[in-house]
Amino acid sequence: MTPPLATAPRDRLRIAIQKSGRLAEPARSLLAACGLSWRESRDKLFCYGESLPVDLLLVRDDDIPGLIADGVCDLGVVGRNELEEQAGERARNGLAPAYRALRGLGFGQCRLMLAVPEEWEWTGPAQLQGLRIATSYPAILAGWLERQGIDAQVVELSGSVEIAPRLGTADLICDLVSSGGTLAANHLKPVENLLDSEAVLAGPASGFDDARVGLAQMLLRRVDGVLQLKDRKLLMFSAERDSLPALERLLQDAGPLVQLPGGNGVLSLQTMCEGAVSWQQMEELERAGARGLMVLAVERSLA
Ligand code: PRT
Ligand code: ZN
């Protein structure tokens, strides 16, 4: 018989990610870029790591902090909003923090905002005194209200928060916003930002188990490598020596211009650029004397 997930002794690392939803695909892509590959189980809840002893658990995002707290998983990809909400709830129940965000991952960005009916004139938090606020984030909201010294009623809802004011179950809402389209469609306007959120790689507050600490550190180093390189491009070209000052001026925001050995009087040059290199930038460099311009994606690096 297979031992239960939580108690099985293990030297394999286990990472929880969202089974489906906004963070599912970017989390898988990130881990694949870190060199991980998996064999999926038939129930599609567990993926056995093939390239490394790193397995995936596919779950609801709400369950990820608890799985880390209980030691079922070592790491998880989850929204900072979810992590902070559950940490706040633990604190309110007198429990110590059990997990922490180890890395911001640069996807799943959103803000937890207070939003009021469009026709309201917003004068500031003091206006909330005695009102009812609908939210799926009661602990974050309660903490914020406390810090503001406001006594308002938190109405906890698990979904469709944005229709609460129209239904008359709350006066305003506190919900996640990314494009703002949902608020606008419900005649609400954002007025206060309680939290800037993105997907994070979370791990246990107490550090990793000895049996898996090496694997966890290797994975974190690879994650750092992928995140650093995400938007970087390597620009390569050749040029005559007397074009160098003009080219350096055009490339002053890039990394150092490195001369490669070889070439017959003509210099072979390369530099690392943050973000995309546009056609227009390439044409300007060409006018300044660059030849054979090439922009290459950087796939991997060990810092
Ligand atoms: O099934 P499971 O429980 O895993 O999924 P879920 O439905 O709880 O989560 P999901 O996939 O909707 O969101 C996962 C995470 O994505 C969240 O915890 C956030 O960290 C992040 N995220 C980023 C968002 C949004 N942007 C977002 N816009 N989560 C939810 N929304 C919702 C918001 O609640 C509102 O209803 O989208 C609507 C607003 O969007 P805009 O673009 O109209 O402003
Ligand atoms: Zn959820």
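Taking only the C-alpha atoms of the chain, Rg followed by Dmax gives 25.0, 79 Å. Within the shell of other residues whose beta carbon sits under 14 angstrom from the beta carbon of residue 162, the net charge comes to -1, with Lys and Arg scored +1 and Asp and Glu -1. Annotation for residue 228 and residue 107: the two label points, set 7 Å from Cα along the Cα-Cβ direction, are 2.1 nm apart. Calculated FRET efficiency, residue 160 and residue 29, Cβ-Cβ r, R0 30 Å, to nearest 0.05? The formula returns an efficiency of 0.50 here. Bridges between two residues of the chain, per DSSP, are antiparallel at a rate of about 75%. What does the charge add up to near residue 33, with Lys and Arg as +1, Asp and Glu as -1, over the other residues with Cβ less than 10 Å from its Cβ? Net charge around residue 33: +3. Starting from a Cα-only point model with no solvent, please compute log10 I(q)/I(0) by Debye for the range 232-297 at q = 0.18, 0.19, 0.23 1/Å. Normalising to I(0) and taking log10 leaves -0.57, -0.64, -0.96. What residue among 135, 185, 285 has its Cα farthest toward the positive end of the dipole of the chain, where the charges are +1 on Lys, Arg and -1 on Asp, Glu, each on the Cβ? The one lying farthest along the dipole's positive direction is 285.
Can you compute the charge dipole magnitude of the range 83-206 about its Cα centre, using +1 on each Lys and Arg Cβ and -1 on each Asp and Glu Cβ, nothing else charged? Give it in debye, rounded to the nearest 20.
Charge dipole, the range 83-206, about its Cα centre: 380 debye, nearest 20.
Can you send over the carbon and sulfur percentage of the accessible area for the range 60-174, probe radius 1.4 Å, protein chains only? Ligands and nucleic acids excluded, carbon and sulfur give 44 percent. Put simply, the amide H of residue 171, placed in the peptide plane, has neighbours under 5 Å in 132, 133, 134, leaving out anything fewer than 5 places away on its chain. The 1.4 Å probe gives accessible areas that order 48, 99, largest first, as 48, 99.
Only helical runs count toward this figure. For the chain, summing -39,500 (n - 2.57) over DSSP H runs of n ≥ 4 and dividing by all residues gives -7500 deg cm²/dmol at 222 nm. Relative protection proxy for 108-115, 122-129, 231-238, from highest mean packing down: 108-115, 231-238, 122-129 (other beta-carbon atoms within 10 angstrom). Couplings 3J(HN,Hα) for the range 152-163, derived from phi with the Karplus relation 6.51 cos²θ - 1.76 cosθ + 1.60 (θ = phi - 60°), are 10, 9, 8, 9, 7, 10, 8, x, 6, 4, 5, 8 Hz, where x marks Gly and Pro. The label point for residue 41 and the one for residue 198, both projected 7 Å from the Cα toward the Cβ, are 3.2 nm apart.
In terms of overall dimensions, the C-alpha atoms belonging to the range 97-158 reach 38, 26, 23 Å along their principal axes, ordered largest to smallest. Projected label points at residue 272 and residue 151, each 7 Å from Cα along the beta carbon direction, are separated by 5.7 nanometres.
The values are calculated or read from the model by the stated rules, or taken from the named source; none is laboratory data. The structure displayed is predicted, hence computed values, not measured ones. We place every Cβ from the backbone using ideal geometry, glycine too, and count neighbours over all the protein chains shown. Quick note on the areas: whole protein, heavy atoms, side chains included, nothing else; ligands and nucleic acids left out. Shrake-Rupley method; radii C 1.70, N 1.55, O 1.52, S 1.80 Å.
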